[in-house]
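To start, the structure under review is shown below, and the notes come after it.
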Amino acid sequence: MVDLSQMAEPFKIKMVEPIKIRTRAEREKAIAEAGYNTFLLKSEDVWIDLLTDSGTAAMSDYQWAGMMLGDEAYAGSKNFYFLCDVVKDIMGYKYLVPTHQGRGAEHILSRYYIREGDHVPGNMYFTTTRLHQEMAGATFHDVIIDEAHNPSKEHPFKGNVDIAKLEKLVSEVGEDKIPYITVGAPVNMAGGQPVSMANMKEVAGFCRKRNIKVVLDAARVLENCYFIQQREDGYKDKNIKEICQELCSYTDACTMSAKKDAYVNIGGWLAMNDEDFFIEAKKQVVVYEGLHTYGGMAGRDMEAVARGFKEATENDEIVSWRVRQVEYLGNGLMQADIPIVRPVGGHAVFVDAKAFFPNLPQDQFPAQQLAAQIYIESGVRTMERGIVSAGRDPATGEHRIPKLELVRITIPRRVYTNSHMDVVVEGIKNLWKRRNDVKGLKMVFEPESLRFFQARFEQM
Ligand SMILES: *Cc1c(COP(=O)(O)O)cnc(C)c1O
């Protein structure tokens, strides 16, 4: 029998925002003007916006009520102390430094730990994370398991760190050249794939013996914890909060983009157990973000962050529904035989653009083109996660050629219903029928770093 409680959203809607669909001719004009880059579209030209789940969540009434309780003192806001208590309770870290968003935390972390010539391993790269590591003088090394680079390979914890790869790196460069490892849980660029508790424990065991710090990229940590609860032996009867406490206990610090699993529109933090790092991070945050008791956030922002994160760990239905909506979209696409990354991850469905356009070579930007064509077909905005996002190798100046050439269909938290997901599936099905008529793109404007945000293209 169907479990009724699992069939519908665990919330009802109190306020709505009208959205409009443009005609196909208007969409063709809009995307051409945007240089075939969905980041450059105006939001008003988008019908269903699945560009990102970052900062796009709908907040709860509890969070909105908290916004009215903002203590906008320059120093020592009560909302800051509440945020510290909430994060300590859920993650266990002793100290917290607020930042305007995740990359603010990455910046301070990288500056503190990295010396010129260091090496930083991670379970696949993330764009801003790797850039901050490189800007601080380090070389990034991908130590994710091989399965993560194969879109059709099923694995319950495709985000896991490959300890053998880590060991190899240590033997090549020496442990004193590796200040820390970043463990993204789950791994955004691999398709939202989770890391298992067992793997995290093993990473911690390996690193602690060698004085390598373990840093958690916690942007979607609650979604990772949900996967552990569903898939890993021994966690079925634990709630997301208990799982999160254990996961964080294997790490020394975290960087957090609150724009993801704290269900807010802006915010972040850096948290750690090491007191020296805390003292130094507080010195840095006042230079780059704001005073160490607001870090670029208003008091009301910190209250919304604290309430959003607290709520999501007090009612497992919030995260569970969110992940199951992603799965709903994934199932719809799989039933239509659209090639997607399997299994479906926690925040997005990733379409395999190489399989969608097998005739387009990777330097004609198949994923960039696929995202543009999905918009033309349906008014749905998605984003490229392939060769454009990977950027150029700073040493050789050549394109980095990632194995994965993907389009990310990212679902904002609590914003769209499953009817919107049905539209996405229908639109991509229509595009699939005309896929052989689609040609490649050429890049006509290329920023030096994080080029995917502002690069421009033309049809070949
Ligand atoms: C979003 C994100 C970041 C960066 O956070 P911002 O809030 O966008 O600065 C870092 N790591 C991962 C995995 C992310 O998804």
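Before moving on, here are some points about what is shown:
- Modelled this way, with points 7 Å down the Cα-to-C-beta line, the labels at Lys403 and Lys94 are 4.0 nm from one another.
- The Rg/Rh ratio of region 98-256, with Rg taken over Cα atoms and Rh as the Kirkwood radius over Cα pairs, comes to 0.95.
- Taking the Kirkwood radius as Rh and the Cα radius of gyration as Rg, region 180-315 has a ratio of Rg/Rh equal to 0.98.
- When the pairs Lys94/Lys260; Lys209/Lys259; Lys165/Lys403; Lys241/Lys354; Lys403/Lys433; Lys165/Lys209 are compared against a 27 Å limit on Cα-Cα distance, Lys209/Lys259; Lys241/Lys354 fall above it.
- Potential extension, Phe445-Gln230 segment - 0.36 nm per residue separation minus Cα distance: 72.9 nm
- Once the 1.4 Å probe is applied to the protein heavy atoms, region 105-229 comes out at 34 Å² accessible per residue.
- Beta bridges per DSSP with both ends in the chain, % antiparallel, nearest 5: 65 percent
- Region 3-28 and region 119-161 have their alpha-carbon centroids 33 Å apart.
- Stretchable slack from Glu167 to Trp64, in nm (0.36 nm times residue separation minus alpha-carbon distance): 32.3 nm
- Rounded FRET efficiency, nearest 0.05, which uses the C-beta distance separating Glu147 from Met1 and R0 of 35 Å: 0.50
- Counted residue by residue at 0.36 nm each, then reduced by the alpha carbon distance between them, the extension gain from Asp274 to Met460 reaches 61.6 nm.
- With K and R counted +1 and D and E -1, the other residues having a Cβ less than 13 Å from that of Met7 yield a net charge of -2.
- Packing around the peptides 104-113, 393-402, 311-320, taken as the average count of other Cβ atoms within 10 Å per residue, puts them in this order, highest first: 104-113, 311-320, 393-402.
- Only protein atoms count toward the accessible area here, which uses a 1.4 Å probe; on region 61-315, the carbon and sulfur part of that area reaches 48 percent.
- Under the span-like rule (Cα at least 27 Å along the axis, Kyte-Doolittle mean at least 1.0), DSSP H helices of the chain: none
- C-alpha center-to-center spacing [region 337-403, region 181-220] in angstrom: 25 Å
- Relative contact order (%) - the chain, alpha-carbon pairs under 8 angstrom, separation at least six: 23 percent
- Normalised by residue number, the volume inside the convex hull of the Cα atoms of the chain is 143 Å³ per residue.
- Structure-based [θ]222 nm, the chain - -39500 (n - 2.57) summed over DSSP H runs of at least 4, per residue, nearest 500: -12500 deg cm²/dmol
- Local electrostatic count at Ile19 - Lys and Arg +1, Asp and Glu -1, tallied over other residues with Cβ under 10 Å: -2
- q = 0.12, 0.16 Å⁻¹, region 54-158: log10 I(q)/I(0) [Debye, one scatterer per Cα]: -0.67, -0.99
The values are calculated or read from the model by the stated rules, or taken from the named source; none is laboratory data. Remember, it's a predicted structure, so these values are computed and weren't measured experimentally. Counting neighbours? That spans all protein chains shown, and the Cβs are built from the backbone with ideal geometry, glycine included. The protein model used for the area step is the full one, side chains on, heavy atoms only, and it has no ligands, DNA or RNA in it. Shrake-Rupley method; radii C 1.70, N 1.55, O 1.52, S 1.80 Å.
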